[in-house]
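What follows is a short report on a single structure.
Bear in mind these aren't lab numbers, they're just calculated from the coordinates by the rules spelled out. Computed from a predicted structure; not experimentally measured. Using ideal geometry, Cβ is built from the backbone for each residue, glycine included, and neighbour counts are taken over all protein chains shown.
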Amino acid sequence: MRELPPRARWYIYFVASAAVVAGVFSAFHVTRWADVLVFAVLFTAADRFRSTATTLTSVSMSVSFIVGLAAIFVTGAYGGCLVALLGGIMTNDRDWPRRLFNPSQYAVTALSAGAAFSLFNIQGEGLVTAPLWQLVAATITAALTNYVVSPTLIAVIVSLTTGLSVRRVWSTSFSWAAFGYMGYGVLGLLLAVLWTDLGVVAAIVLMLPLLVARAAFANYAEQRATYDATVRALVQAVETKDYYTRGHSERVSLIAERIARESGMREDRVEIARYAGMLHDVGKLGVPTKVLQKQGKLNGDEFDAIKLHPLHGYEMLCEIEFLREALSGVYHHHERLDGRGYPMGLAGDEIPEFARVIMVADAFDSMTSTRSYRNAKSVDEAVAELQRCQDIQFDGKVVANLVEAVRKHGWEPTPEDFGGEQVARDVSVLRGSADQGVRRAHRA
Amino acid sequence: MHIAHEIGPAPLPQRRGPVSWIVLVVGSAVGVAGVVVTFAQGGIDRPAVAVLFFSMVFVGELIRVSLPGERDTAPLGGSAAVGYSLLLFLGPGMRRPAGHSAYAVIAVVAVASAAAIMLLSALDRDPRPRDVARRVLVCAAIAGVFRGSGLTERLDSSPFGWEVSKSGLPVLAMIVAVLAGGLLDVFIAAVVRAERDRAPIIPTFRNELLAFSGIGFSMAAIGMLIALGIAIIGMWTLPIIAVPLLVTQFSFRRYAAIRRTYRQTISALSRVTEVGGYVEPGHSRRVTRLSVAIGREFGMREQDLLDLEYAALMHDIGQLSLADSIPRGSTLHVAPAERRRIAAMGADVIRSTGTLDRVAMIVETQAHPYRRMRENGDLEVPLEARIIRAASAFDDLVTASEAGGRQAAWNALERLRMGMAYEYDPRVVEALTRVLEKNSAL
């Protein structure tokens, strides 16, 4: 963030100057200074939590939003502007663009939302006496204004630094939050109304559960990252037994994820496909090392020993509830559509969906990676081979999805991608890598 | 929606002793008393409000959340119960008194909980009646303290001149009541757990306090929000409060789910060594159960117990790096240097996860004899490692023993004692003996 393009820099200066003007003007017009200061402290407290929490859901931005909105309702547009400005300044962002940009952005947003709210002419005691519909309408107007102004200000800066179009940044990161904003807007109203009677107690009672929930979300995100890292590390440990397959599991996992997404699976099932791919060969541990590492042809007994690995994998993983559906993928990933596979000899539709995905992903990665006894095939050759065997060995639909996924993302074995598409929801990163993929595919 | 029990290394045979029965019986008795007295007093003044809270508690009991460590909570139901306990006025502007007694609160919560228990049983889910009884008791305590003790007048008629609320809502009394309820909740949970795990009470209490504090404060705050909001604004507080309620419910549920998955995965991967034929079947899990029980004897914190559990599950993972398995998998008969090398390789695997550094350190040091700690000051063998070392040796000896049952355990302990003060930490062996005695394995 330190090396900003000049245009982004000027944009920040511009927003900051607007905020300073707005702040000075507000300072001369605001009446309830005590409330403004308390709200500013609360705003900071809520905002500070954000920096420690991983941004995973809209909860992460909501609590300071609620406080800011309530400040507008209680102290008016000018008060709200000052609360956002002071609160933003007290927030301790480390790098200077954020330090300058965030408070300015908050202040400008708050002033616009406050202006929208003041159209309804509800002030002071009006919060308690005004009819409900009027309060709700005013709240929604203010929240909507906030919803439009703030993401736009942010989208511009992201666009200026990354070079992506404003519209794209805006739509990917913020469109889904609309409903949440309404809900939080009404919470802001609740806080404002309770504030007139209870003061800080109202804020504590309202903010506490949200902050606790946010901490739980952050813990979840952290644990989730730990989980992925752990599974990956352990799978790598398993792969040390089998020279041929270094990195194979992660690549299969990535392909399986992409195929699953291409076939329009729900996100939680995509997840399962990803884990099934990751763990599909874990049962090879139960196969004697000398068989796995043998150079040259295997005899009958040795081949029988290898054939047991789906069963071993099933035995190892069967107690993980979360992977219950992935188990079928692990257990049946060596079946064939014509029924001549193992361990069960299932045919056609009897083979579970995850298994059909893993089969194709497994075969594709095996063909496109170098083994000691042969060289890697090119992507085109591998696809042609898969298509030749479709409806005999592989499910044609899955193969088609793979082809589509390869066209979109390109394919070079990059184990680092594992988990990246899932956990990091950073817009720019996601967008950037997707674009690269498209460009790569076009070049290919 | 109910989350099934945690799979993974089960604690040592669980006990449902007198304490948990007392909780169940007293909880049911209080619930029945609430219903009877309410009927005797001629029912509830505002049935519509009662029905509203009844349904919230009922639904909340159906969609409970099992926090890490098999701790049963009902965020939605608990918040609603607190809210109804603290509800004095119906708004807007505190227009009418709510007019229900503490008994009415108990009756509503108890009947809703009982209905949920019946439905869960009918759906073949574990209704966990003891946890429900605990929640009824806690709710009774909050309602009793707040509505029945005259606390409201004493605290908020302001002998100290405190006035939290401009309109005279007894906010201080609410805080005192929910704190009392929260403490009772943790206390009951701790005595039941201490009995179940045969663990010392004070560390257990501390662990429960930490585990319940986040969600407990949330439920208390949301409950207060419900009561205050309804008094000042009116019933439309409830739909607004759905936001923090649902966020709380789902954030904890997701967190609990990933924690459970993580635990199950570590546990499953610990069997990797067994499937590979490196160690005796069940060795990792038995060692883990013993180690955690010993850790509890030492009053270890929850977080440390978790590290201990993971390290115990994975203490043999380094054997994967061996081309061929050790006969019978027991590291007892391997040369000490080789044993340390295996442990170091296992620690490397664990360390490469990037987040389990402490677990890796434990796995690495459990291959070192206790005595080295004194000899070279540079190597610190943590308690967890000493525990795993002793538990693992004990399990190897019992498995290898020709004799069965108690005799095998006796012999194994005897062997450990011979290695005491050099191989094994005497205090750990002592704690192991206590654990075995408590479980009548000796």
message: Can you give me the distance in nm between label points at residue B:400 and residue B:25, each placed 7 Å from the Cα along the Cα-to-Cβ direction?
response: 4.9 nm
MRE, 222 nm, helices only [DSSP H, n ≥ 4, -39500 (n - 2.57), over the protein assembly as shown, to nearest 500]: -23000 deg cm²/dmol
message: For peptide A:192-202, what's the mean number of Cβ atoms from other chains within 10 Å of each residue's Cβ?
response: 5
query: So how tilted is helix B:383-400 from the main axis of chain B? Cα-based, degrees 0 to 90, rounded to 10.
result: 60 degrees
message: Bin width 5 Å, origin at 0, all Cα-Cα pairs of region A:98-236: what percent of pairs per bin?
response: 2, 9, 12, 14, 17, 16, 12, 8, 5, 3, 2, 1, 0, 0
task: Let me know the Kirkwood hydrodynamic radius for chain B, please, with Cα pairs as the basis and the value in Å to one decimal.
output: 24.3 Å
query: For labels at residue A:3 and residue A:119 in the simple 7 Å Cα→Cβ model, what's the distance in nm?
result: 4.5 nm
statement: Hydrodynamic calc, region B:11-97: Kirkwood Rh from Cα pairs, then Stokes-Einstein at 4 °C with viscosity 1.567 mPa s, so D in µm² s⁻¹ is 83 µm²/s
query: Counting other Cβ atoms within 10 Å of each Cβ, which chymotrypsin sites (Phe, Trp or Tyr not before Pro) in region A:303-403 have at most 14 and sit in a DSSP loop?
result: A:373
field: Cα-based Rg of region A:227-357 normalised by 2.2 N^0.38 Å, two decimals
entry: 1.03
message: Between region B:241-316 and region B:200-220, what is the separation of their alpha carbon centroids in Å?
response: 19 Å
field: Cα centroid of region A:300-327 to Cα centroid of region B:61-77, whole Å
entry: 33 Å
- prompt: Using the Kirkwood radius built from alpha carbon pairs, what does the Stokes-Einstein equation give as D for region A:310-386 at 25 °C and 0.890 mPa s, in µm² per second?
  reply: 182 µm²/s
By average C-beta atoms within 10 angstrom, highest first, the peptides A:106-114, A:335-343: A:106-114, A:335-343
- prompt: How many lysine pairs does the protein assembly as shown hold where the Cα atoms are under 16 Å apart and the two sit 8 or more places apart or on different chains?
  reply: 8
field: Footprinting exposure proxy for B:61, B:430 (fewest neighbouring C-beta atoms within 10 Å first)
entry: B:430, B:61
task: Fewest Cβ neighbours within 10 Å first, please rank A:255, B:202 accordingly.
output: B:202, A:255
- request: Using a 10 Å cut-off on Cβ atoms, rank the peptides B:380-391, B:20-31 from the highest mean neighbour count down.
  value: B:380-391, B:20-31
statement: One finds, for residue B:201 and residue B:166 with R0 = 60 angstrom and r their Cβ-Cβ distance, a FRET efficiency to the nearest 0.05 of 0.85
- prompt: Nearest 0.05, what FRET efficiency do residue B:16 and residue A:370 give at R0 = 51 Å with Cβ-Cβ as r?
  reply: 0.30
- request: Using only the alpha carbons, work out the radius of gyration and Dmax of region B:379-439 in angstrom.
  value: 11.4, 38
query: Hey, if you put +1 on the Cβ of every Lys and Arg and -1 on every Asp and Glu Cβ in region A:67-203, which of A:141, A:183, A:104 ends up farthest toward the positive end of that dipole?
result: A:104
- request: Could you work out the relative contact order of region B:208-299, using alpha carbon pairs under 8 angstrom and six or more residues apart, expressed as a whole percent?
  value: 15 percent
Radius of gyration, Dmax [region B:19-167; alpha carbons; angstrom]: 16.4, 55
statement: Going fewest to most other Cβ atoms within 10 Å around each Cβ, A:307, A:284 line up as A:307, A:284
task: Just the number, please: Stokes-Einstein D of the protein assembly as shown in µm²/s, Kirkwood Rh from C-alpha pairs, 25 °C, 0.890 mPa s.
output: 80 µm²/s
- prompt: Using the alpha-carbon centroid of each, what span in Å lies between region B:383-415 and region A:225-298?
  reply: 36 Å
